[in-house]
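The values are calculated or read from the model by the stated rules, or taken from the named source; none is laboratory data. These figures come from a predicted structure and were not determined experimentally. All Cβ positions, glycine included, derive from the backbone under ideal geometry; neighbour counts span all protein chains shown.
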Amino acid sequence: MRIHDRYILSGFWRNVFLGLIAFAVIFVTVDINEEIDNFIDHDATIFQVTSYYLFELPWILLLVTPVAVLLSTIFTLGKLSRNNELTAFIASGTSLVRVAMPLFISAFFITGASIVFNDILVPMSKRKSEEIMLVQIEKRKKRSSFRYKTDLHYQGENSRTYYAERYDISMSMMVNIIVNEYDGATLAKRIDAKKAFWDGLKWVFVDGVIREFHDSGESITNFRRREMPELPEKPEDFSKEDIEPEEMRFSELLEHIDKVRRGGGSIDKYKVDLYFKFSFPFTSLIFALIGVALSSAKRKPSMATGFGMTLLISFTYYGILRIGQALGHSGVLEPMLSAWLGNIVFFLLGVTLLYRANK
């Protein structure tokens, strides 16, 4: 590694860490202002609020890392440009891309670390922060307790849906259960029962009725006790906690997508969220590309100008990102395209700007 590479890297990493701290503090401050009424209404303690934001911190850092990389790139090369050091490098025959290579390598490293970070630490900490908010602060019941789940909704296999007023996890028993089976968008069969329990091998329904719908009409079968070996779902399927995609690891989200697919449900929304888990970390690399191009402009950017450009680019990017997600969730765009839309737009912008700057 050359001396000037170490010189550039030292400034870049220092600015990255300062940017992470600054943007995380700004994020938390804004969020506290939005949630302050909620905290006061529920008599939240300082310890509870502090614990909540400590567990939110990994997710916050993931969100602000690309912004910190962009700011650090602009500040680091901007300083070289203002001190005419960048001009000296280029005049000596060193291309702009070669000067910025340590920054690109660092941004690539940050991208890889973010992918791992987003899979290992963020889901776990996000679940814990949501539990603190729902249970400790807002005094709600846990999304799934050790004993009961109420108002159970579950998407089963073969276009089958379950609803139960209560599910006893320890006893593997459902109370007031409704099972709907669909043929495409048409309801083909409905099972109502006062109780259903797992006997170790299969589900047994008690005191219920089966309605089967045909073109010619409806057939009704009453029963006091009926074994249902055709139902493939097991007790552990119903006892799983309902969590949001951002709280799932890659493997958990893939498993969830497979379950919804087997159940005949729409998987586009979850595929968008899965692809987004991979696409978002690459923002750091793309922002480094844009930062290099902007900081090497003939008009030397000041620190205030650099900070302003960082905020403008970040807000624009996140806006396009959310639009892409919304279009993917609604089925207007393919999941892969919607998750990578912001990256594609800004990558093309960065390459264009860098090409012009390097001429």
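Taken as a whole, the condition of being at pLDDT below 90 and within 14 Å of the chain's Cα centre (by Cα) does not apply to residue 339. Does at least one position in the range 185-199 carry a residue that is loosely packed, with under 15 Cβ neighbours inside 10 Å, within 30 Å of residue 132 (Cα to Cα) and under 32 Å from the mean Cα position of the chain (by Cα)? No, the conditions are met nowhere in the range 185-199. For residue 81, the conditions (1) over 28 Å from residue 296 (Cβ atoms); (2) of a type outside the set (A, V, I, L, M); (3) surrounded by 17 or more Cβ atoms within 10 Å (Cβ to Cβ) all hold with the exception of (1). Here the range 33-51 is the region considered, the condition is being in contact (Cβ under 8 Å) with a residue 12 or more places away in the chain and of a type outside the set (Phe, Trp, Tyr), and the residue that is surrounded by the most Cβ atoms within 10 Å (Cβ to Cβ) is 44. Could you tell me which of the residues 269, 259, 277 is in a helix (DSSP H, G or I), buried (at least 16 other Cβ atoms within 10 Å of the Cβ), modelled with pLDDT of 90 or more and basic (Lys, Arg)? None of the others qualify; the one that does is 277. Only one entry in 166, 226 is surrounded by 13 or more Cβ atoms within 10 Å (Cβ to Cβ), within 38 Å of the chain's Cα centre (by Cα) and among the charged types (D, E, K, R), namely 166. Which residues, counting only those in the range 202-219, are touching a Ser or Thr at 6+ places or on another chain (Cβ under 7 Å) and acidic (Asp, Glu)? Across the range 202-219, the qualifying residue is only 212. Of the residues making up the range 1-17, those that are aliphatic (A, V, I, L, M) and farther than 16 Å from residue 284 by Cβ are 1, 3, 8.
When the test is whether a residue is aliphatic (A, V, I, L, M), over 15 Å from the mean Cα position of the chain (by Cα), at pLDDT 90 or above and surrounded by 14 or more Cβ atoms within 10 Å (Cβ to Cβ), residue 348 does not pass it. Counting only helices (runs of 4 or more DSSP H) that fall entirely inside the range 70-169 and contain at least 3 residues that are in contact (Cβ under 8 Å) with a residue 60 or more places away in the chain, the qualifying elements are 96-120, 122-131.
If you scan the range 174-205, which residues turn out to be more than 17 Å from residue 150 (Cα to Cα) and either among the small types (Gly, Ala, Ser) or not in a strand (DSSP E or B) (or both)? If the condition is that a residue be more than 17 Å from residue 150 (Cα to Cα) and either among the small types (Gly, Ala, Ser) or not in a strand (DSSP E or B) (or both), then 184, 185, 188, 199, 200, 201, 202 are the ones that fit.
A quick yes/no check of all residues on (1) among the hydroxyl-bearing types (Ser, Thr, Tyr); (2) at negative phi; (3) touching a residue at least 60 places away in the same chain (Cβ under 8 Å):
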residue	(1), (2), (3)
314	yes, yes, yes
323	no, yes, no
326	no, yes, no
329	no, yes, yes
335	no, yes, yes
340	no, yes, yes
343	no, yes, yes
346	no, yes, yes
352	yes, yes, no
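Hey, does the range 63-75 have a residue that's among the hydrophobic types (A, V, I, L, M, F, W, C), assigned by TED's automatic domain parsing to the domain that holds residue 109 and surrounded by fewer than 22 Cβ atoms within 10 Å (Cβ to Cβ)? Yes, the conditions are met somewhere in the range 63-75. Could you tell me how many of the residues in the range 1-51 are among the aromatic types (Phe, Trp, Tyr) and either touching an Asp or Glu at 6+ places or on another chain (Cβ under 6 Å) or more than 30 Å from residue 90 (Cα to Cα) (or both)? Final tally of qualifying residues: 4. Among residues of the range 12-25 that are closer than 19 Å to residue 100 by Cβ, none has a Cβ under 8 angstrom from a residue that is among the hydrophobic types (A, V, I, L, M, F, W, C) and loosely packed, with under 13 Cβ neighbours inside 10 Å at a sequence gap of 6+ or on a separate chain.
Filtering the range 86-102 down to residues that are closer than 14 Å to residue 5 by Cβ and β-branched (Val, Ile, Thr), which residue is surrounded by the fewest Cβ atoms within 10 Å (Cβ to Cβ)? The selected residue is 97.
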